[in-house]
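The values are calculated or read from the model by the stated rules, or taken from the named source; none is laboratory data. Predicted, not measured: the structure shown is a model, and the values here were computed from it. Quick reminder, even Gly has a Cβ in these numbers, built from the backbone with ideal geometry, and neighbours come from all protein chains shown.
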Amino acid sequence: MKIYQKYDNYIFDLDGTVYLGNEIIPGANDTINFLIEQKKNVVFISNKTIYNVGDYAKILNKFGIKIAAEQIINATLVIADFLKSNFPKAKFYAIGEKKFIESLEKIGLVYTENVDKIEIVIITLDRFLNDKKIQIAKEAILKGANFFAANIDNTCPVEGKKQIIDAGIVIKELESLTKKKLELHFGKPTEFMINYISKFIEINDKTILIGDRLETDILMGKKMKIDTAWVQTGISYLEKDIKVFQPTYVLTSICDILSYEI
């Protein structure tokens, strides 16, 4: 039996699993389209917040993958869902990019850089990070603003298996500067993300999660009590780390789903 014959529900990470930067993982498009043709349920998840789900759908469609925006879940959607229910119309400051900030403004929150008015500081991936942004976040936290993060990844993979600074490193710096701990985060592998995913796909013994990060993708699959596949196309790890997280399968890439014997 092949992997694809065992499972009906597929949860795919995006960056490092389906594509790297602007390049599709070779064969990933054909693999995913085959699963869809086989009437498998497919969703995509990401901690990356620099695009909205519509943008991600366009990226995947450009690669020839036949999916809709409704099949994509990122940390922006999850934190927005929480904030809309618990902090409606709150004034916030984000170390994050334009699309992320706009997504929160669309649900009624108000963006401000005035440290005396900021009620919530939110950290996520920001490729344009600078000292001014760190200073505003620090002052607002010291004045009592809530300290949240959309995700806590230390790095984000790009082409050539290179890494850029992500939210986790910024969080550690702010914790050091303010002596205050991050209160909540909403991406993989949190219960917030798990609960959000469960609205869109059935979580059972016919469900598998495929990703390139042990500490987010594979750990979240463990929390969900489902099988997992770690792919070697994104983040690299030592053998001892792989043994700690114990993914159900270790695959060269997601293409192995169609050929790997179990």
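Out of PHE44, PHE92, PHE82, one residue alone is over 18 Å from ALA149 (Cβ atoms), of a type in the set (Phe, Trp, Tyr), in contact with a helix residue (DSSP H, G or I) (Cβ under 7 Å, 6 or more places away or on another chain) and modelled with pLDDT of 95 or more. It is PHE44. Of the residues making up the range 224-235, one or more are in contact with a strand residue (DSSP E or B) (Cβ under 9 Å, 6 or more places away or on another chain), at pLDDT 95 or above and among the small types (Gly, Ala, Ser). Filtering ILE3, ILE59 for residues that are within 21 Å of ILE262 (Cβ to Cβ) and either within 17 Å of the chain's Cα centre (by Cα) or touching a residue at least 60 places away in the same chain (Cβ under 8 Å) (or both) leaves a single hit, ILE3.
Selection of the range 169-215 for residues being more than 20 Å from THR76 (Cβ to Cβ) and of a type in the set (Gly, Ala, Ser) yields only SER176.
When LEU238, LEU174, LEU209, LEU214 are screened for being over 21 Å from LEU14 (Cβ atoms), of a type outside the set (Lys, Arg) and crowded, with 17+ Cβ neighbours inside 10 Å, only LEU174 passes.
Which of the residues spanning the range 233-262 are assigned to a loop (DSSP other than H, G, I, E, B), touching a Ser or Thr at 6+ places or on another chain (Cβ under 7 Å) and under 17 Å from TYR19 (Cβ atoms)? Walk me through it before giving the result.
So the first thing to find is which residues in the range 233-262 are assigned to a loop (DSSP other than H, G, I, E, B), and the list is 233-238, 246-248, 252-253, 259-260, 262.
Imposing the further condition that a residue be touching a Ser or Thr at 6+ places or on another chain (Cβ under 7 Å) reduces the set to 233-234, 247-248, 253.
Result: THR233, GLY234, SER253.
Among the residues of the range 191-224, which ones are part of a loop (DSSP other than H, G, I, E, B) and free of Cβ contacts under 8 Å to residues at least 12 places away in the same chain? Please lay out each step first, then the result.
Filtering the range 191-224 for residues part of a loop (DSSP other than H, G, I, E, B) gives 198-206, 212-213, 224.
If the condition is that a residue be part of a loop (DSSP other than H, G, I, E, B) and free of Cβ contacts under 8 Å to residues at least 12 places away in the same chain, then SER198, LYS199 are the ones that fit.
When the range 2-29 is filtered for residues that are hydroxyl-bearing (Ser, Thr, Tyr) and under 14 Å from GLY221 (Cβ atoms), the ones remaining, listed by number, are TYR7, TYR10, THR17. The number of residues in the range 53-74 being crowded, with 19+ Cβ neighbours inside 10 Å and part of a loop (DSSP other than H, G, I, E, B) comes to 1.
Only one of the numbered conditions (1) within 24 Å of THR216 (Cα to Cα); (2) among the aliphatic types (A, V, I, L, M); (3) modelled with pLDDT of 95 or more is violated by ILE50, and that is (3).
GLY21 meets each of the listed conditions (1) under 22 Å from LEU251 (Cβ atoms); (2) surrounded by fewer than 17 Cβ atoms within 10 Å (Cβ to Cβ); (3) at pLDDT 95 or above apart from (3).
Quick one: in the range 229-245, of everything that is free of Cβ contacts under 8 Å to residues at least 24 places away in the same chain and more than 16 Å from the chain's Cα centre (by Cα), which residue is nearest to THR31 (Cα to Cα)?
Keep residues of the range 229-245 that are free of Cβ contacts under 8 Å to residues at least 24 places away in the same chain, which gives 230, 232, 237-240, 243.
If we keep only those that are more than 16 Å from the chain's Cα centre (by Cα) as well, we get 232, 237-240, 243.
On the way: GLN232: 16, TYR237: 25, LEU238: 27, GLU239: 27, LYS240: 29, LYS243: 27 Å.
Restricting to residues being free of Cβ contacts under 8 Å to residues at least 24 places away in the same chain and more than 16 Å from the chain's Cα centre (by Cα), the top hit is GLN232.
Just for the range 31-44: of the residues that are in contact (Cβ under 8 Å) with a residue 60 or more places away in the chain and more than 17 Å from the chain's Cα centre (by Cα), which one is surrounded by the most Cβ atoms within 10 Å (Cβ to Cβ)? If we take residues in the range 31-44 being in contact (Cβ under 8 Å) with a residue 60 or more places away in the chain and more than 17 Å from the chain's Cα centre (by Cα), then ILE32 is surrounded by the most Cβ atoms within 10 Å (Cβ to Cβ).
For the structure I just gave you, tell me whether ASP153 is touching a strand residue (DSSP E or B) at 6+ places or on another chain (Cβ under 7 Å), touching a residue at least 12 places away in the same chain (Cβ under 8 Å) and surrounded by 20 or more Cβ atoms within 10 Å (Cβ to Cβ).
Details: touching a strand residue (DSSP E or B) at 6+ places or on another chain (Cβ under 7 Å): no; touching a residue at least 12 places away in the same chain (Cβ under 8 Å): yes; surrounded by 20 or more Cβ atoms within 10 Å (Cβ to Cβ): yes.
Here the answer is no, as ASP153 does not meet what is asked.
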